[in-house]
Each structure stands twice: as structure tokens, then as C-alpha cells.
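The values are calculated or read from the model by the stated rules, or taken from the named source; none is laboratory data. Bear in mind the structure is a predicted one, so any value in this text is a computation, not a measurement. Every residue, glycine as well, gets a Cβ built from its backbone with ideal geometry; the counts of neighbours run over all protein chains shown.
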């Protein structure tokens, strides 16, 4: 099919289970369990791992041990550990912990942004002056998320132009990459194509990533559209763990195993050992104490060789 004629030969997987995954769990996972998962993810070959969020424990109690996680989790050479930092206080904590890459987040939907960070979109962007710019001045890399690009649980459809205006401002601040997020998993392939065509008319493909939730089973279909448009960076969560606490019904991140299984079957390199990634999913399942929804996680890994 023409769809697959010009896809990238390799992509980068950005693992979010330790942050986006665990923040949606009802029970708090002990520090030791989180560090077990960090080690298992690194052993699988993942090279970009978001390990926590320096957010107030009042809002995300599951990540109250962010400082301890960052202190004990040491990134091997060629592996980047990053952390979400919602404000200047979070940035200072990240700097003290030795984190060299942070992420900031904002929604394309005004209502979701208020629910998420208790600020307007304009106020959130203004606050980034105290986060993104000082981080860049300190030699840190900064990644950005724009949430609810495909739809909002409170407002419904979202005009992609709003999301792209925010992405433009983030990139102008010095963010090296913006991850466009389908926070509630409502995206469909034609919608994804429309959004990406608008984005790629203005931004280079390498400055964009996709963060798809599989709430309605369309995440991999949307990833295929991204590949066909030369997107090479995809967020995922081992076992399909996670969601957004401020987006009802948003559970169901794209499972890292499902993403890697599909990519390897298409001849797209990720640098990830799928067998070890599957084992990391089992670690994730054991520390959260419940079955995880990822398809490969449940079915197991089979050889891709004839």
C-alpha cells in the first residue's frame, strides 16, 4: 500500500508509564516498586523515560516521592530520564535532583486546562517564562505536551488551530519537541491526517511527537498515519497503563509493547528488545496489583520470523 512506502526506518519511543501511567492509579506504588520498573524499562532498551512529575502531592499524591525517585534512579549512559515540571517550584526540585530534561504541559482546551492546572491557557503560557526559559538557561532540554488536541472531555471538538498556536509559542520559547496528545482517545485516522497536515505545514516533523491514548482502540491506526507523515517520535506506556486524572474516561495509554510489536513487524527499528519490554510490563503489573490492558502484554510475544 502507498501508505507504507515512505515510512521512517527507525523511530524513538518515549516511555511515560512512570508518570502518566502511575498518576492514574488509585493506589500509591512504593518507591522500591517504581525503581524496579525503572530498571526493567532501561533493560529493555528504552532510551527516553519520563520517571516522575515534580507536582504538588496535593494534586497527584501517587507521585509525592518524585525527589526520592530522581535521587535513586540514575540514568545509564545514552539513556535520558526526564520529569514533568508544572511550575518554577517543580523546576527547582528537578534541578536539585540532577534531572537534565524536563517536560511542561498545557491543554488546547480552556476548560481542561483549568481543571488540570487551575489556570487559563494564557496564564499557563505566561508561567512557562519562569519554567522553560530558566531551564534552557541552565542547560536543560525541555519537551512540551499539548493535551486534548483531538478532543476534550468537557468541550468536545477542539479546533486544531488552537493547539498549533500553542505549539508555536512553546517552540519559540525553546522547547525542542511538542508532543501532540489525544488525551481522551477519540482520534480517528482522517482526523489525525488533517491535524498533522496542518502542523507539518508549519513545523518540521522532528519537532513533533504523538501521544495517543487507546481508549477507543484507534491509537495504532493513528500512529500509522503519523508514520506515513514522517513522525518519528511516539509516546507510550508499558502495559497500556495510565490516563489523565482530569479527563474522565481517559484511561488507556497506547501500550509500549503494542507499539513496538507493530513497528518491528513493519521493519521499523526502535532499539527496544520486545521480550525484555514484555517482562517490564509484567513488573508494572506486579507493582500496581491489577491486570494491565495492553494486547501484547496479555497475549505474549511471538517470533516475527517465518
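The table below gives the values:
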quantity	calculated
Residue list for the stretch 241-267, filter: modelled with pLDDT of 95 or more, buried (at least 17 other Cβ atoms within 10 Å of the Cβ) and out of contact with any helix residue (DSSP H, G or I) (no Cβ under 7 Å at 6 or more places or on another chain)	263
Count - residues of the stretch 1-50 that are out of contact with any helix residue (DSSP H, G or I) (no Cβ under 6 Å at 6 or more places or on another chain), assigned to a strand (DSSP E or B) and crowded, with 16+ Cβ neighbours inside 10 Å	4
The lone exception for residue 59 - which of (1) crowded, with 17+ Cβ neighbours inside 10 Å; (2) modelled with pLDDT under 95 it fails	(1)
Qualifying residue in the stretch 76-96 (condition: under 26 Å from residue 252 (Cα atoms), surrounded by fewer than 18 Cβ atoms within 10 Å (Cβ to Cβ) and at pLDDT 95 or above)	yes
Only listed residue being buried (at least 16 other Cβ atoms within 10 Å of the Cβ), touching a helix residue (DSSP H, G or I) at 6+ places or on another chain (Cβ under 9 Å) and at pLDDT below 95, chosen from 104, 117	117
Output for the stretch 132-167, where each listed residue is closer than 12 Å to residue 108 by Cα and part of a helix (DSSP H, G or I)	160, 161, 162, 163, 164, 165, 166, 167
Residue satisfying condition, being in contact (Cβ under 8 Å) with a residue 60 or more places away in the chain and touching a strand residue (DSSP E or B) at 6+ places or on another chain (Cβ under 8 Å), within set 144, 185, 174, 151	185
Selection count, the stretch 122-163, where residues are farther than 19 Å from residue 188 by Cβ and crowded, with 20+ Cβ neighbours inside 10 Å	9
